[in-house]
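One structure, as structure tokens, below. Some questions next.
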Amino acid sequence: MKDTDKRLEILLNALEESGIRKLADALNDRKRFFLRSFVSGIFRGLGAAIGFSVLGALALLLLQRLFGVAMR
């Protein structure tokens, strides 16, 4: 029985150190969860738009150099 108690204590300490309580609290607070998800979605969208713009500009530059077409 002591071995089981010791293992349970080790498990509880590991869970406490991992911050799982803070995660559970954050997930249970609906207002905070939705706000965080909303802001995260905005930044993902901005990142996708900026990334697509950069890749599109590089693709146009490559095509311009390959085919010598002047873009005005």
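The values are calculated or read from the model by the stated rules, or taken from the named source; none is laboratory data. All of these numbers come straight from a predicted model, not from anything done at the bench. Note: ideal-geometry Cβ built from the backbone for every residue, glycine included; neighbour counts use all protein chains shown. Accessible surface areas use protein heavy atoms only, side chains included; no ligands, DNA or RNA. Shrake-Rupley method; radii C 1.70, N 1.55, O 1.52, S 1.80 Å.
Answer yes or no: is there a residue in the range 52-71 that is exposed (fewer than 10 other Cβ atoms within 10 Å of the Cβ), without any contact (Cβ under 8 Å) to a residue 24 or more places away in the chain and aromatic (Phe, Trp, Tyr).
Yes, the conditions are met somewhere in the range 52-71.
Looking at (1) in a helix (DSSP H, G or I); (2) open to solvent by 90 Å² or more (accessible area, probe 1.4 Å); (3) at pLDDT below 85, which is the one condition that is false for Lys31?
If we test Lys31 against (1) in a helix (DSSP H, G or I); (2) open to solvent by 90 Å² or more (accessible area, probe 1.4 Å); (3) at pLDDT below 85, just (3) comes out false.
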